1. If exposed GluC sites (Glu not before Pro) are those in a DSSP loop with at most 10 other Cβ within 10 Å, what is the longest stretch of the chain that has none?
2. Within the accessible area of segment 12-71, what % is carbon and sulfur when the probe is 1.4 Å and the other protein chains stay in place?
3. Please list His31, His47, His100 in order of solvent-accessible area, largest first, computed with a 1.4 Å probe with all protein chains present.
4. Report relative contact order for segment 62-123 in percent, whole number only (criteria: Cα-Cα under 8 Å, sequence separation at least 6).
5. Top to bottom by accessible area (1.4 Å), largest first, where do Ile112, Ile57 land?
6. Tell me, what is the percent relative contact order of the chain, built from C-alpha pairs under 8 Å that lie six or more residues apart?
7. Give the cross-link partners of Lys97 among the lysines, using a straight C-alpha distance below 27 Å as the criterion and excluding same-chain residues fewer than 8 apart.
8. How much length is gained if the chain between Lys97 and Gln63 is pulled fully straight, taking 0.36 nm per residue apart and subtracting their Cα-Cα distance, in nm to one decimal?
Amino acid sequence: MSHIVEIRTEVRDEAAVQLACRRRNLPAPVHGEFKLFAKQATGLGVHLNEWRYPVVIDLPTGQLSYDNYQGKWGNPNELNGFLQAYAVEKASLEARKMGHTVVEKPLDDGSIRLSVMVGGAAQ
């Protein structure tokens with residue numbers, strides 16, 4: 001039996017952020033205060049490829065602060081790729097915590113299919 005799930009991503013799990021950064025070949029995230037163009041943001045900073053300013057994650061709220069000047073200071077696809085990697089890593093971590101096996105398959109359109117094996121059957 002197959003299930004389709006839509007996820008609105010809130011970034012709250014530091015371990016999944018670290019794994020997502022590793023998956024995307026990004027520098028390790030760092031806690032601190034970061035300068036964005038017009039303000040400061042405090043949280044877990046992630047430096048995306050070719051972005052002028054970091055994405056700053058407030059883990060307790062799951063919210064992101066960033067300034068890419070409508071794509072002029074950073075390609076939005078880099079953020080989308082990071083969020084996809086975070087969602088895959090978070091879902092995989094949670095499934096494994098429950099003793100399930102996770103199989104990942106990249107699809108031609110850039111999406112990723114996760115199959116969770118529960119008692120030997122994909123769910």
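1. Longest run free of exposed loop sites: 51-123.
2. Heavy-atom surface of segment 12-71 belonging to carbon and sulfur, 1.4 Å probe: 48 percent.
3. So the residues, ranked largest to smallest area, are His31, His47, His100.
4. Details: 41 pairs, mean separation 11.3, N = 62.
Here the relative contact order equals 18 percent.
5. From most accessible down to least: Ile112, Ile57.
6. Result for the chain is 21 percent.
7. Hits, sequence-local ones excluded: Lys105.
8. 9.8 nm
The values are calculated or read from the model by the stated rules, or taken from the named source; none is laboratory data. The structure presented is a predicted model; accordingly, all values stated were derived computationally and were not measured. Backbone-built Cβ (ideal geometry, glycine too); neighbour counts: all protein chains shown. For accessibility, only protein heavy atoms count, side chains too; no ligands or nucleic acids. Shrake-Rupley method; radii C 1.70, N 1.55, O 1.52, S 1.80 Å.
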